[in-house]
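As structure tokens, the structure follows; a few thoughts come after it.
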Protein chains: 2
Amino acid sequence: MHYRTHHCGELRLADAGKEVKLSGWVQISRDFGGLTFVDLRDRYGITQLVFNMDDNEALCEQARGLGREFVISVEGIVRERSNKNPNRDTGDVEIDVRVLSILNASEVPPFTIEEESDGGDDLRMKYRYLDMRRDPVKEKILFRSQLAFETRRYLIDQAFVEVETPVLIKSTPEGARDFVVPSRMNQGQFYALPQSPQTFKQILMIAGFDRYFQIVKCFRDEDLRADRQPEFTQIDCEMSFVSREDVLQTFEGLTKHLFQKLIGIELPAFPRMSYDEAIHHYGSDKPDLRFGMMIRDLSSMARGHGFNVFDQAEIVAGIVAAGQAAAYSNKDINKLTDWVKRPQIGAKGLVYVKYNEDQTFKSSIGKFYDDAVLKSWCEAIGAVPGDLVLVLSGEKDKTLKQLGELRLEMGRRMELMDPNDFKPLWVLDFPLLEWDEEAERFHAMHHPFTAPKEHDIDRMLSGDHETMKSLRADAYDLVLNGAEIAGGSIRIHDRSLQEKNFDLLGFTPEEAREQFGFLMGAFEYGAPPHGGIAFGFDRLCALMKGSQSIRDFIAFPKNNTGRDVMIDAPAMVSKEQLDELGLALKKAD
Amino acid sequence: MHYRTHHCGELRLADAGKEVKLSGWVQISRDFGGLTFVDLRDRYGITQLVFNMDDNEALCEQARGLGREFVISVEGIVRERSNKNPNRDTGDVEIDVRVLSILNASEVPPFTIEEESDGGDDLRMKYRYLDMRRDPVKEKILFRSQLAFETRRYLIDQAFVEVETPVLIKSTPEGARDFVVPSRMNQGQFYALPQSPQTFKQILMIAGFDRYFQIVKCFRDEDLRADRQPEFTQIDCEMSFVSREDVLQTFEGLTKHLFQKLIGIELPAFPRMSYDEAIHHYGSDKPDLRFGMMIRDLSSMARGHGFNVFDQAEIVAGIVAAGQAAAYSNKDINKLTDWVKRPQIGAKGLVYVKYNEDQTFKSSIGKFYDDAVLKSWCEAIGAVPGDLVLVLSGEKDKTLKQLGELRLEMGRRMELMDPNDFKPLWVLDFPLLEWDEEAERFHAMHHPFTAPKEHDIDRMLSGDHETMKSLRADAYDLVLNGAEIAGGSIRIHDRSLQEKNFDLLGFTPEEAREQFGFLMGAFEYGAPPHGGIAFGFDRLCALMKGSQSIRDFIAFPKNNTGRDVMIDAPAMVSKEQLDELGLALKKAD
């Protein structure tokens, strides 16, 4: 049986007169007495069907009985429409239907299958197959397929090899929590699902593959924040005989290519910024460069005027909300103060200086600082009449971070973040190690395989504890509109340096050997210098399409408790299955 | 730092005189007194380096100290070789080295990094990164990457969409054993890893995606036979509004394209054979068509001559080993008899008839059958003088299967199975259900979602138990050289038919709803007719390259007990990890 000669997005005026067969879903059926019109939909488009009471009453009656989302097949003649629909590729024609077969009926769908649906989130997730019939969701899934293919084409043209690394690997306590998989054949032992193919791609470099990539599922058993998924997809890449510059050039090239090819955007050369600069000027290691509003240090100007809070602060710094002086009433300022004092931000208070259009000043700390001082602040920070200056103070790291959040909030309020404006940025020279005050230990800022900058190697091998805090890593992030879309580093390829790094991270030699012995062993058999990067593929899809949420770019996402509500997983398994695995469930206390 | 201007497979005579920089591994270093030659290797090839004692003694001494697999970087001048090596792309040139840097030393590798290695299987698996430096292994991994990309290119050109389906899904007891993943956020519940994305791809058809594919990891917790892996890769495909013919045409097209593009083989139109025909003529549902030696039924001729064994057998059937009469002594026949009596084959005995070159006959059952009868057998079975006829008898299904095995064994012995000869075949019309005598229940021959042939639907809905055994499925396998490389079917898209099938398979309505309710629910909202196929990607790689084993086409394979011996997984996890998951290990009894 042939179900169709054409699909529903295909017929044009030039096809008029042809006998055709189409199959698809009933989008809508409209009864105009003598005529019944049906919009027939498939992945490719919508074609109008016409049933004429005068020609064939029985057929027309049958058409009137068609409900939304019925699956039908029709045979008929293509003809020119009298009232053309210029918004539809097939809008010049309709099908004069002669034969109608109902291939499958449909219950009334629980929400409308339209551009905008009336279904809530939960309902749309449960009936994901109906939600995916809607154009906005369908287009995102199709976009993802195109983006993946174009990524592969580009990288393969650049001599990269796609190598599949294993999914059943070994659990390592470093980093986020692993999902584990009990082994039946090796009872009491577990595989882990990879958080990334990091060690395998390094092994592939040692094996001589020179340029590797993989679009690959990775897994993290985290408490899910909004828009985090327990399984996610990376474009994972590694290259041998490269320095940082080679990696940046290669993946700037990939990114530009994808933007050009998929959404027709020509990105200019990507600016670069050190981690320190990003923190100082944007209070974030992923600055959103769609707008300025840089953070300026006012510490030296702010001290010595009798305002205790500023005198005792490690830093006093501010941002300029251009043209916002008049827009913020006292009440608005109070609300904004509440906003920065929320626990998620954690500021103790907010100081403002209004540089009014009439060149007067108004400030919450006017009694400590006269207008001349406030004017000098405004000049230093780049404010002009009409601007609102917002100032925070306190411990340096925290204050900069708070100002970074405040900057983003003001950017949102002032609508400075156009989702179709794309501002990429390389952030470079991250710290190698982060000191964890609570645990009294170092964590790897990137991961334990990241190389220190070459000029820091001697300091790393011989320095004291304080020195370690100042080491810089040969690591880089690609930031786009305030989101990290890729991160990577040049790796350690020397056994003794890797051992030193594990030691700094608090591994005993035994732990290091047990978990990463195979990699350190491999370093002894001719490991080349190498480095790489991984793109968050779900996020890249979302950003390129100007979307806030990654969820619609995933065909079957999980909800915030890690459940797939469509299939209802996870679920109980049988006692026999657990017995075979040598496992028992613990009773809840 | 720049590590290279060219790679090691790139330089030609036209480059002579250029200053270049190369990096790679020392394949071999040869000291000829005044001159030291080093073969420098990377993924792309080998380039000869020359160090001259007269030019730079210190440098030459340094080169002499280079061990195998050292990673080095050299700068020098390209020049024409006096003794060219025509077997190497770079064989016309060598590098007169001026600067040598050792980037990393290497221990002496535990086996040779050559075309043929002296390392045993276990050692090569443990040091997989060294084994992968060997050309034969490297080439297979590169081939796999090309095959995957070409598959994607072809399918995307045919309007297929690659959609990633989830890895964390729900365990279903049907089929092989699932790997399960305990959920921390939903304690006591488990995800399962997919044995295939079957239900998700059907959901994608219901969602209207029309043509789906995915190159995807699948998982099966089976006791591993040689050459089975707990994780394996499929080219998974599904199409809507298709009948069998559409699917066969589409994937015959894909297969031909891949053979043509990757290995330059033009496959002719694929022959087709019903399951029944395959069983009767080849004793297998995956006939190897590289040679004939078809099974012929001799039952009617064999009965009534007083030979009890044949008189009581459900079937007597044989094959012809052409030209083998003289080659098989009595001793050889005895050995072959032992072979068919092995438990893996399970025949009770073997009857032979030698049709000698001089037109005499010799047979193990000569006293029951005179030469005239034996001659009539030979004529019926197509034997000519010089041929050896091998006959088995007994229960029909078993005897045909045994003859199928014997046929393959004779094919091997007679060297009729050239790995570079490719004989594809579609096997069609499989039984829908298999009766399991022991469990007293039906199993799905393909899987529970396979549609019966359209003309069998009424019999399926209303027939008795015996009728069920005769139902045929709209299922198909693509067989190549005796191996199944793909299998698929037209699917059920009607809820009541699906419910009937679950019922036949012994599911209670509650079990069916619990496990597959989402799919049966989806059938109620406009499910289109659909069908698909899945290729075993690892096997396809191996067959196309004429290899018996899939293992070398997998970068990091597991051994027969499911262990990755390189990383040493699976492994113990900490008590804290188990506690978080609400799990306890059971003590061994």
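The values are calculated or read from the model by the stated rules, or taken from the named source; none is laboratory data. Since this is a predicted model, take the numbers as computed values, not measurements. Neighbour counts run over all protein chains shown; Cβ positions are idealised from the backbone, glycine included. Side chains included, ligands, DNA and RNA excluded: accessible areas come from the protein's heavy atoms. Shrake-Rupley method; radii C 1.70, N 1.55, O 1.52, S 1.80 Å.
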*Provide a single number: the residues in the range A:10-38 that are open to solvent by 10 Å² or more (accessible area, probe 1.4 Å) and either aromatic (Phe, Trp, Tyr) or within 14 Å of chain B (Cβ to nearest Cβ) (or both).*
7
*Here is a list of conditions, (1) within 11 Å of chain B (Cβ to nearest Cβ); (2) in contact with a helix residue (DSSP H, G or I) (Cβ under 8 Å, 6 or more places away or on another chain); (3) farther than 30 Å from residue B:565 by Cα; (4) in a loop (DSSP other than H, G, I, E, B), and residue A:117 meets all of them except one; can you say which number that is?*
(1)
*For the range B:502-519, state whether one or more residues are part of a strand (DSSP E or B) and over 25 Å from residue A:124 (Cβ atoms).*
no
_Matching entry among A:66, A:49 (being surrounded by 17 or more Cβ atoms within 10 Å (Cβ to Cβ) and either within 14 Å of another protein chain (Cβ to nearest Cβ) or touching a helix residue (DSSP H, G or I) at 6+ places or on another chain (Cβ under 7 Å) (or both))_ = A:66
*From the set of residues in the range B:234-250 that are open to solvent by less than 10 Å² (accessible area, probe 1.4 Å) and under 22 Å from the mean Cα position of the chain (by Cα), which is nearest to residue B:530 (Cα to Cα)?*
B:238
*Find all pairs meeting these conditions: Cβ atoms under 8 angstrom apart; at least six residues apart or on different chains; first residue within the range A:64-76 and touching a residue at least 12 places away in the same chain (Cβ under 8 Å); second residue of a type outside the set (S, T, N, Q) and part of a helix (DSSP H, G or I).*
A:69/A:130
*Only strands (runs of 3 or more DSSP E) wholly contained in the range A:416-488 count here; list those with 3 or more residues that are in contact (Cβ under 8 Å) with a residue 40 or more places away in the chain.*
A:424-428, A:441-444, A:475-480
*Residue ranges of strands (runs of 3 or more DSSP E) in the range A:122-233 with at least 2 members open to solvent by less than 10 Å² (accessible area, probe 1.4 Å) and within 9 Å of another protein chain (Cβ to nearest Cβ)*: A:180-182, A:190-192
_Residues of the range B:498-530 that turn out to be in contact with a strand residue (DSSP E or B) (Cβ under 8 Å, 6 or more places away or on another chain) and within 25 Å of residue A:4 (Cβ to Cβ), as a count_ = 8
*Can you tell which of B:6, B:2 is within 14 Å of another protein chain (Cβ to nearest Cβ), in a loop (DSSP other than H, G, I, E, B) and open to solvent by 50 Å² or more (accessible area, probe 1.4 Å)?*
B:2
*Do we have any residue at all in the range A:35-57 that's out of contact with any Gly (no Cβ under 8 Å at 6 or more places or on another chain) and small (Gly, Ala, Ser)?*
no
*asked:* I want to confirm something. Restricting to the range A:92-113 and keeping residues that are open to solvent by 20 Å² or more (accessible area, probe 1.4 Å) and more than 14 Å from chain B (Cβ to nearest Cβ), which single residue is farthest from residue B:498 (Cα to Cα)?
replied: A:92
*Scan of the range A:243-278 for residues that are within 14 Å of chain B (Cβ to nearest Cβ) and part of a loop (DSSP other than H, G, I, E, B), ordered by number*: A:243
*Just for the range B:545-570: of the residues that are in a helix (DSSP H, G or I) and buried (at least 22 other Cβ atoms within 10 Å of the Cβ), which one is nearest to the other protein chains (Cβ to nearest Cβ)?*
B:553
*residue B:69 versus (1) farther than 23 Å from residue B:19 by Cα; (2) touching a strand residue (DSSP E or B) at 6+ places or on another chain (Cβ under 9 Å); (3) at pLDDT below 95: which is the lone unmet condition?*
(3)
*If you check A:415, A:379, A:409, A:357, which single one turns out to be out of contact with any strand residue (DSSP E or B) (no Cβ under 7 Å at 6 or more places or on another chain), of a type outside the set (Gly, Ala, Ser), open to solvent by 70 Å² or more (accessible area, probe 1.4 Å) and closer than 16 Å to residue A:290 by Cβ?*
A:415
_Can you find, within the range B:541-554, the residue that is nearest to residue A:584 (Cα to Cα) among those that are out of contact with any Leu (no Cβ under 7 Å at 6 or more places or on another chain) and of a type outside the set (D, E, K, R)?_
B:554
_Could you check the range B:517-544 and list, in sequence order, the residues that are open to solvent by 10 Å² or more (accessible area, probe 1.4 Å) and aromatic (Phe, Trp, Tyr)?_
B:518, B:525
*asked:* Just checking, does the range A:113-121 include any residue being within 30 Å of residue A:59 (Cβ to Cβ) and of a type in the set (Ser, Thr, Tyr)?
replied: no
